[in-house]
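Report on the following structure.
The values are calculated or read from the model by the stated rules, or taken from the named source; none is laboratory data. Worth saying up front: this structure is predicted, and the values here are computed from it rather than measured. Cβ atoms come from the backbone with ideal geometry, glycine included; neighbour counts cover every protein chain shown.
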Amino acid sequence: MISKAIRLARVGSGSELAAALLLGLGFPCIMVAAVIPNLWFFAAAAFVTYAADQYLHHCGSYLINRLAAVRAGLSIRFLVRQLLLVLLLSRMGYGEATLFYVTVACLLAFYGLQAPQSAMVTLIRLRRKLPVVTRNIDLGDVAIGDAPPRLLMNRPAEKMLHLDLFGLVGVLVAIETGSDVLAYAGLALMLALAVLYLAALLPYARPSRLVPPDTKVLAAVDAWLGTYRPTVILYFSGSKDSAYQVNMWLETMAQLGGRPLIFLRERNIVPQLAMTSVPVLCVPGGVHLMNMDLSSVRVALYAANVGKNIHMLRVPTMKHVFIGHGDSDKLASVNPYSKVYDEVWTAGKAGRDRYALADVGVRDEDIVEVGRPQLASIKPWTGAPKNPIPTVLYAPTWEGWDDNPGNTSLLLAGENIVRRLLTAEQPVRLLYKPHPFTGTRSARAGAVHARVTAMIEQAAAERATDPRWAKDRDALRAGQADARAEMARIEVRLSQLAGSSQNERDEAELSRDSMVAPETEVETAKLRDEWNDAYWRSTGWWEHKVITGPEPRLYDCFNESDAMVSDISSVVSDFIASGKPYAVTDSAGMGAEEFQRQNTAVRAAVILSNSATELDALLAAVTDPAADPLEEARRELKQYLLGPDEPTSLEQFDSAVEELAAKAEARNIGVARSLGEPVGG
């Protein structure tokens, strides 16, 4: 019943639902207390609404926005509470008393101070908003002052309104004690703090603390582009949740020849970027983009098919390439949109054949096989489990935008898969790492994820006291403590490298100051590898784990596991690079033969039905090489999907960029000559 109420109210937890109910019931109680009148009932109900309101804001509840939409926003709630305080005074016989008139006057004055405070905050935010967001770019003469302290700018309306608590407490205490001085003191403190808040904001509204006009900032960007002269850009547009799609290419971009540039279109992507020393330029406005001098760029790489790509595709002086954010048999991997690009780059021959089979207008001569540079960190299988018991990774993809049962195994098979792995006759360790989008569209998928998580956590708790692992727990305890200490040390250093005060600075300040040296990037990558190694040493090799955050990374989980269960997604294609046994769930019930015909990546997989009874074959292949009939098929499929091991994928990718850049240059020279224009070097 409670869980259903949580879903209907669209709140995140039972405590959030309780706070919402208290807030909803609190205001009628305040009104009743004012009418009766009853001082203590009024005080209790008022403080309950204060606390509930504060909690809902703290957890970022969806209900806060809904209340504003139905004319019960933050300011209205505070105003109603203040009006009911005035009503209480009147009902308790203070209607003609000085206290009544002073309270009304002070509350009106307090309400009046909110307008300049709100205006000043809005002015500061607007005037500190650059037309672009940058990282690793020196904007030269653009003078950007320091940002106001986060204390002043974070949830300012809520902070200002809560100052009325001093006045309310003062009035209530005065009513109880009969001492009007206490009310006057509380009301005076309320007004004084409001004025002090305004005074604290005032220096940051000065022109020297704001940013220059857009024209000056954009001129500085053009000047930088003219000096740096980028040759290859990675273009990306998407939601903040899709930042992983651009993050997976950052290391590759840093290793390319030429002068790379990360080109983004949404501001909320920038804070989600992993550390990189490559220049980052975010241009939200299409008009600003179209007016920029990108004449030096010869190759534009696109990681996603989105509408905003058209703003860059219009530039004829560069060649446009779709590189995607994974290589799989999903329909997204053969999107008809792909024919707008000059070339489509795939990992191996499988991608080429996939487009030919789909017949969506992408010509075979426009497809280039470049491997997958990101897979270099995946370690090959040794042929035997890494630990005394095998580790199986369950990495289902998300539910997708439609209700196709083949999108994810989680809905129909997830609980069966997890249950069979947790109760396997020969013990295994389970790592569960779902897609970060899981549950974002389908509440049902989110509910299954929650149940799966609960199953694994319960099994992990049982193993923590299982006598079979007691000796191993004792033997590893000291090493685990050392590993956790090492993780803490590394996290401190990573925080130092990232800039511990980053959350205290606004977008303009970060654009001004965020410069990552290549050596810092190298050290960060080294520390992340050390953190990953320490993470696995801090846990027992028998311990089940639910991994939902960015760390450990997916490929780290690949290296720790001995086998994987997943769905039709790029995760399967990437895992094949390891050569380890894997299983894929036929959630749509196509049957093994048709499933393999339609999905190249499952040709060397153990195919699971939704009952997951076939998992025994996967576990047998992990523990006994003789029971692994698909080993050779996996080796052949790896080359078909991902291309040859030599030359390396990075070398193939870099060579493809150089060749396409040469084609773009040749095209530009030809056009210039045909127009009778001088050909520059």
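Take the residues in segment 193-234 that are over 29 Å from the mean Cα position of the chain (by Cα) and among the hydroxyl-bearing types (Ser, Thr, Tyr), then tell me which one is surrounded by the most Cβ atoms within 10 Å (Cβ to Cβ).
TYR204
For (1) surrounded by fewer than 17 Cβ atoms within 10 Å (Cβ to Cβ); (2) out of contact with any Lys or Arg (no Cβ under 9 Å at 6 or more places or on another chain); (3) among the small types (Gly, Ala, Ser), each residue gets a yes or a no:
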{"position": "ASP654", "(1), (2), (3)": "no, yes, no"}
{"position": "VAL657", "(1), (2), (3)": "no, no, no"}
{"position": "ALA664", "(1), (2), (3)": "no, no, yes"}
{"position": "GLY670", "(1), (2), (3)": "yes, yes, yes"}
{"position": "ARG673", "(1), (2), (3)": "yes, yes, no"}
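When the residues of segment 440-478 are filtered to those that are over 19 Å from THR391 (Cα atoms) and in contact with a Leu (Cβ under 9 Å, 6 or more places away or on another chain), which remaining residue is surrounded by the fewest Cβ atoms within 10 Å (Cβ to Cβ)?
If we take residues in segment 440-478 being over 19 Å from THR391 (Cα atoms) and in contact with a Leu (Cβ under 9 Å, 6 or more places away or on another chain), then ARG444 is surrounded by the fewest Cβ atoms within 10 Å (Cβ to Cβ).
Could you list, in sequence order, all residues of segment 300-322 that are under 17 Å from GLU251 (Cα atoms) and at pLDDT 95 or above?
Of everything in segment 300-322, those that are under 17 Å from GLU251 (Cα atoms) and at pLDDT 95 or above turn out to be ALA300, LEU301, TYR302.
Of all residues being part of a helix (DSSP H, G or I) and in contact (Cβ under 8 Å) with a residue 40 or more places away in the chain in segment 254-298, which is surrounded by the most Cβ atoms within 10 Å (Cβ to Cβ)? Just the residue, please.
Residue satisfying both the conditions and the ranking: VAL270.
Identify all residues within segment 45-79 that are surrounded by fewer than 15 Cβ atoms within 10 Å (Cβ to Cβ), among the hydrophobic types (A, V, I, L, M, F, W, C) and under 13 Å from LEU161 (Cα atoms); write none if there are none.
ILE76
Considering every residue within segment 499-522, establish whether at least one is modelled with pLDDT of 90 or more, of a type outside the set (Val, Ile, Thr) and either over 30 Å from GLU266 (Cα atoms) or under 25 Å from the mean Cα position of the chain (by Cα) (or both).
Checked segment 499-522: no residue is modelled with pLDDT of 90 or more, of a type outside the set (Val, Ile, Thr) and either over 30 Å from GLU266 (Cα atoms) or under 25 Å from the mean Cα position of the chain (by Cα) (or both).
From the list MET153, MET190, which residue is buried (at least 17 other Cβ atoms within 10 Å of the Cβ), at pLDDT 95 or above and within 41 Å of the chain's Cα centre (by Cα)?
Sole residue among the options that is buried (at least 17 other Cβ atoms within 10 Å of the Cβ), at pLDDT 95 or above and within 41 Å of the chain's Cα centre (by Cα): MET190.
Quickly run through segment 156-165 and pick out the residues that are of a type outside the set (Gly, Ala, Ser) and either over 19 Å from CYS106 (Cβ atoms) or buried (at least 19 other Cβ atoms within 10 Å of the Cβ) (or both).
Answer for segment 156-165, where residues must be of a type outside the set (Gly, Ala, Ser) and either over 19 Å from CYS106 (Cβ atoms) or buried (at least 19 other Cβ atoms within 10 Å of the Cβ) (or both): PRO156, GLU158, MET160, LEU161, LEU163, ASP164.
Just checking, which of SER587, SER569 is within 24 Å of LEU411 (Cβ to Cβ), of a type in the set (S, T, N, Q), buried (at least 17 other Cβ atoms within 10 Å of the Cβ) and touching a Pro at 6+ places or on another chain (Cβ under 7 Å)?
After applying the criteria, what remains is SER587.
Which condition number in (1) more than 27 Å from VAL622 (Cα to Cα); (2) at pLDDT below 90; (3) within 29 Å of the chain's Cα centre (by Cα) is the one that THR346 fails?
Looking at each condition in turn, THR346 falls short on (2).
Select, from ALA115, ALA119, ALA109, the only residue that is under 26 Å from ALA205 (Cβ atoms), in the same structural domain as THR177 (by TED's automatic domain parsing) and at pLDDT 95 or above.
ALA109
Quick one: count up the residues across segment 597-639 that are free of Cβ contacts under 8 Å to residues at least 40 places away in the same chain and not in a helix (DSSP H, G or I).
8
Could you list, in sequence order, all residues of segment 354-382 that are of a type in the set (D, E, K, R), over 16 Å from VAL334 (Cα atoms) and crowded, with 18+ Cβ neighbours inside 10 Å?
ARG372
Give the residue that is surrounded by the fewest Cβ atoms within 10 Å (Cβ to Cβ), with candidates limited to residues of segment 427-439 that are out of contact with any helix residue (DSSP H, G or I) (no Cβ under 7 Å at 6 or more places or on another chain) and part of a loop (DSSP other than H, G, I, E, B).
Here the residue is PRO427.
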